[in-house]
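Trainee: Have a look at this one before I ask anything.
The values are calculated or read from the model by the stated rules, or taken from the named source; none is laboratory data. As the structure is a prediction and not an experimental result, all values here were calculated from the model. Heads up, the Cβs are rebuilt from the backbone with ideal geometry, glycines too, and the neighbour counts pull from every protein chain shown.
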Amino acid sequence: MAFLDTERGGIPANGSILKMANNEKWDLTITPKDKLLAVDWKEIWRYRDMFVLFVERAFRVAYKQTILGPLWFIITPVLSVIVYATVFGGIANIPTDGIPPILFYLLGISVWGYFSSCLSATSNSFVSNADIFGKVYFPRIIMPLVAVTTNLLSFAIQLAIFAAFYIYYAATGTELTIHWQVVLFPFLMLLLAFMAVGFGMIFSSMTTKYRDLQIMLAKIISLWVYITPVIYPLSMVTNEKLHLAMSLNPVTPVMEAIKYSLLGQGQFSWLWLAYSAVFTLILLIFGLMMFNKVQKSFMDTV
């Protein structure tokens, strides 16, 4: 039996330290995951309080020491709509398939903004949280989930603005059509979120060693928007080969389906949506494998 030797300052005697360590019962044992696809949902649920804390922190930090604060969620898309309507609609005369430009651009900007923000935030999961990862243990997969949730709040505000303009145009006699596929809207947004997380985890895993990829990803996102029907309808692309190439962009079928369901214009295709879903699933699996592999040793290289 282990006992404390008071003459030695309470240090266990008779070589009992090892026995005490072996007999110790731990509430939680942290071990590296052997399977690259392992996701411990029970563990994530145990750390739900930390998840909520990170979401609140991300929301506060984003607009800390700003005068307008969350109003930037409204100002940013409105300013973008004004610029797009002036440049692409007024000067370049790019059509919007009969949809009021404000509705057309606002929906596209909001959806694309959610996707690009989730991608950017997820891609910095390791590098931007290195200090926290080095001090406190929690499931690392929480950080991509925080990025998705935080940006969902801003998207919800922008979607409310879109709804307000939609009601205004409908009340003033503008003919707008909502198709039954609108019930798929949550699934379509979830698909975009998973796609962003998949790409983000891949870039996050690689940027622990190659920081140049952060700069490269920012350039990719800024150019990606122009090969996605955000500020123009896909119907204006009449060249068959170019139309096919743009459709192979996994974001395109989702963006077109959202426009079709809410605005009545766009191209809805089950086949192309299935392509985007399969692409996202493969991307998510590959991204999760890389994420789980890198998280074991990224503190040595970050």
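Trainee: Pro139 fails exactly one of the following numbered conditions: (1) modelled with pLDDT under 85; (2) more than 20 Å from the chain's Cα centre (by Cα); (3) more than 23 Å from Ile221 (Cβ to Cβ); (4) not β-branched (Val, Ile, Thr). What is the number of that condition?
Mentor: Of (1) modelled with pLDDT under 85; (2) more than 20 Å from the chain's Cα centre (by Cα); (3) more than 23 Å from Ile221 (Cβ to Cβ); (4) not β-branched (Val, Ile, Thr), only one is false for Pro139: (2).
Trainee: Among Phe203, Phe194, which is the only one that is within 22 Å of Ile142 (Cα to Cα) and either part of a loop (DSSP other than H, G, I, E, B) or modelled with pLDDT under 90 (or both)? Give the derivation first.
Mentor: Values: Phe194 fails: either part of a loop (DSSP other than H, G, I, E, B) or modelled with pLDDT under 90 (or both).
Testing whether each residue is within 22 Å of Ile142 (Cα to Cα) and either part of a loop (DSSP other than H, G, I, E, B) or modelled with pLDDT under 90 (or both) leaves just Phe203.
Trainee: Would you be able to tell me the number of residues in the range 86-131 that are more than 27 Å from the chain's Cα centre (by Cα) and assigned to a helix (DSSP H, G or I)?
Mentor: Qualifying residue count, the range 86-131: 6.
Trainee: Scan the range 155-178 residue by residue and report those that are outside any helix (DSSP H, G or I), of a type in the set (Val, Ile, Thr) and more than 28 Å from the chain's Cα centre (by Cα).
Mentor: Across the range 155-178, the qualifying residues are Thr172, Thr174, Thr177.
Trainee: So, one more: Any residue at all in the range 222-236 that is farther than 25 Å from Leu152 by Cα, at pLDDT below 85 and buried (at least 17 other Cβ atoms within 10 Å of the Cβ)?
Mentor: No, the range 222-236 contains no residue that is farther than 25 Å from Leu152 by Cα, at pLDDT below 85 and buried (at least 17 other Cβ atoms within 10 Å of the Cβ).
Trainee: Still on this structure, I have one more. Would you mind listing the helices (runs of 4 or more DSSP H) fully within the range 220-302 where at least 1 residues are out of contact with any helix residue (DSSP H, G or I) (no Cβ under 9 Å at 6 or more places or on another chain), of a type in the set (Phe, Trp, Tyr) and free of Cβ contacts under 8 Å to residues at least 60 places away in the same chain?
Mentor: On the way: elements: 240-247, 251-263, 270-294.
Here the list reads 270-294.
Trainee: With respect to Tyr169, is the statement that it is under 17 Å from Ile102 (Cβ atoms), of a type in the set (Phe, Trp, Tyr), buried (at least 20 other Cβ atoms within 10 Å of the Cβ) and in contact (Cβ under 8 Å) with a residue 12 or more places away in the chain true?
Mentor: Taking the combined requirement at face value, the residue does not satisfy it.
Trainee: Within the range 76-127, work out how many residues are over 22 Å from Ile178 (Cβ atoms), surrounded by fewer than 22 Cβ atoms within 10 Å (Cβ to Cβ) and of a type in the set (A, V, I, L, M).
Mentor: 10
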